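Contents: one structure, followed by commentary.
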Ligand SMILES: Cc1cc2nc3c(=O)[nH]c(=O)nc-3n(C[C@H](O)[C@H](O)[C@H](O)COP(=O)(O)OP(=O)(O)OC[C@H]3O[C@@H](n4cnc5c(N)ncnc54)[C@H](O)[C@@H]3O)c2cc1C
């Protein structure tokens, strides 16, 4: 008879913990979702500790868009005016140069909002602004250079995290831990959640090109001939994205940087001299495009928001918007119960965490569906075509109907479910 051998377990010696701090909510990750989440909870009187792995908010490989919905949220908080005093540009339309002339599927100027544009602002400025506002509240603590390594768990309940900093290991104990640590979320992995992935048909090369004073403003985009090129006006320079069929980066590299110059210049000939300034692959970063969602966003004592719960495809540039909307809904639902936990030293009921997922899951799935549709019907076709993209005449016709015309702009500007801060 075979007997089952006991499983050998190897434990690392428990590292000495520098200190243990207590708070009500520990937010892991100071991206747009985590920063806004912390500000809203701090404002509601909840003790919050925000842990950010990087020593500063300087980041390049990121989106820099604040959609009308985010501006309305900031307006509600009385912060929009001051944010707009910081250096930014405003993007009102998305116009593509197509084989049948300019095509503008999104015109935010048609929306009934105080902010009918996308505010283009370096994410660094936005994050410094939001965390600066949170720091006005004595119940907010920000720890930079704090990389979360482990969850603290007791009887299946998450009771906080252990993080590594320059001066060693520390522990934060909390009633609720929020994983806002982005697409590669360690908190998600530690909690044992798997992502359901779909693979969009593309990857993006991301690089900077110099801007000259007579250049157009806003956004320049072309689709077709096997690629998509997009240039975002960042005032001092252009942020360029060159979309290639999924998995073809090694092939492109083998062909040499000249192949990238040729492909880009075929789509945007007016920038042919500028793309030649890209001499080395090191000057470009590869974004492996992913679209995924976590079937479950919570466990007792733990909630995921933003990219940690759902990674968005770059179509429409909605990732920041959705991460911030998650934060607003989570704060609306949880501020009261967290205040209760803080006052009466009781656990947070799981039903409140379930309510956050319930409210945000449908809008997330809907936008991912819409992105998948655009990827299949437009982008995949353009990437496999030798011609410049021409939008179907029926689509052009539909977008002339006033009621229909605002639908894409509303979805890009506000998502499927606009959210407001509950006062
Ligand atoms: C190249 C690129 C371009 C993009 N362009 C756009 C765009 O134009 N518009 C748009 O809306 N979206 C864009 N996105 C997507 C957008 O950046 C994300 O959807 C958005 O930032 C998600 O916000 P988040 O707060 O959930 O996560 P993130 O912004 O990813 O923030 C996560 C934070 O957690 C920190 N962190 C990670 N691990 C740990 C840890 N173990 N401990 C502590 N901290 C940790 C990270 O340092 C980071 O600061 C782009 C993404 C990329 C990569």
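Return the pairs, sorted by first residue and then second, in which the second residue is buried (at least 21 other Cβ atoms within 10 Å of the Cβ), the first residue lies in segment 34-54 and is free of Cβ contacts under 8 Å to residues at least 24 places away in the same chain, the beta carbons are less than 7 Å apart, and the residues are 6+ apart or on different chains. Short answer, once both residue conditions are applied: none. In segment 143-157, the residue that is nearest to the ligand (Cβ to nearest atom) out of those that are over 25 Å from the mean Cα position of the chain (by Cα) and assigned to a strand (DSSP E or B) is 152. The strands (runs of 3 or more DSSP E) found wholly in segment 1-113 and carrying at least 1 residues that are modelled with pLDDT of 85 or more and within 14 Å of the ligand (Cβ to nearest atom) occupy 17-28, 48-52, 89-91, 101-107. Assess whether residue 58 counts as being touching a strand residue (DSSP E or B) at 6+ places or on another chain (Cβ under 8 Å) and either in contact (Cβ under 8 Å) with a residue 60 or more places away in the chain or surrounded by 24 or more Cβ atoms within 10 Å (Cβ to Cβ) (or both). Considered against the rule, which asks whether it is touching a strand residue (DSSP E or B) at 6+ places or on another chain (Cβ under 8 Å) and either in contact (Cβ under 8 Å) with a residue 60 or more places away in the chain or surrounded by 24 or more Cβ atoms within 10 Å (Cβ to Cβ) (or both), residue 58 comes out as no.
Mind listing just one residue for me: the one in segment 334-369 that is assigned to a loop (DSSP other than H, G, I, E, B) and touching a strand residue (DSSP E or B) at 6+ places or on another chain (Cβ under 7 Å) and, of those, modelled with the lowest pLDDT? Per the criteria, the residue is 347.
Residue 377 meets the conditions (1) within 25 Å of residue 242 (Cα to Cα); (2) touching a strand residue (DSSP E or B) at 6+ places or on another chain (Cβ under 8 Å); (3) loosely packed, with under 15 Cβ neighbours inside 10 Å in every case but one. The failed one is (2). Scanning segment 322-354 for residues that are within 11 Å of the ligand (Cβ to nearest atom) and in contact with a helix residue (DSSP H, G or I) (Cβ under 6 Å, 6 or more places away or on another chain) yields 323, 324, 326, 327.
If you go through segment 183-199 and keep only what is at pLDDT 95 or above, within 22 Å of residue 324 (Cα to Cα) and within 11 Å of the ligand (Cβ to nearest atom), you end up with 185, 186, 187, 188, 189. Would you mind stating whether residue 331 is part of a helix (DSSP H, G or I) and either within 29 Å of residue 48 (Cβ to Cβ) or touching a residue at least 60 places away in the same chain (Cβ under 8 Å) (or both)? Spelling it out, residue 331 is indeed part of a helix (DSSP H, G or I) and either within 29 Å of residue 48 (Cβ to Cβ) or touching a residue at least 60 places away in the same chain (Cβ under 8 Å) (or both).
Residues that are within 15 Å of the ligand (Cβ to nearest atom), free of Cβ contacts under 8 Å to residues at least 40 places away in the same chain, surrounded by fewer than 16 Cβ atoms within 10 Å (Cβ to Cβ) and within 20 Å of the chain's Cα centre (by Cα): does segment 124-132 have at least one? Among the residues of segment 124-132, at least one is within 15 Å of the ligand (Cβ to nearest atom), free of Cβ contacts under 8 Å to residues at least 40 places away in the same chain, surrounded by fewer than 16 Cβ atoms within 10 Å (Cβ to Cβ) and within 20 Å of the chain's Cα centre (by Cα), which makes the answer yes.
Filtered by the rule that a residue be outside any loop (DSSP other than H, G, I, E, B) and surrounded by 10 or more Cβ atoms within 10 Å (Cβ to Cβ), segment 386-403 gives 388, 395, 396, 397, 398.
Residues that are buried (at least 17 other Cβ atoms within 10 Å of the Cβ), more than 20 Å from the chain's Cα centre (by Cα) and within 16 Å of the ligand (Cβ to nearest atom) are absent from segment 200-207 altogether.
As a summary of the residue check, residue 316 satisfies the conditions (1) touching a residue at least 60 places away in the same chain (Cβ under 8 Å); (2) surrounded by fewer than 20 Cβ atoms within 10 Å (Cβ to Cβ); (3) outside any helix (DSSP H, G or I) except for the one numbered (2).
The residues of segment 396-414 that are without any contact (Cβ under 8 Å) to a residue 24 or more places away in the chain and more than 24 Å from the chain's Cα centre (by Cα), listed by number, are 397, 398, 400, 401, 402, 403, 404. Residues that are at positive phi and not in a loop (DSSP other than H, G, I, E, B) are absent from segment 123-138 altogether.
The lone criterion from (1) at pLDDT 90 or above; (2) within 20 Å of the chain's Cα centre (by Cα) left unmet by residue 289 is number (1).
The values are calculated or read from the model by the stated rules, or taken from the named source; none is laboratory data. Quick caveat: nothing in here was measured; it's all calculated off a predicted structure. With ideal geometry, Cβ positions are generated from the backbone for all residues, glycine too; neighbour counts draw on all protein chains shown.
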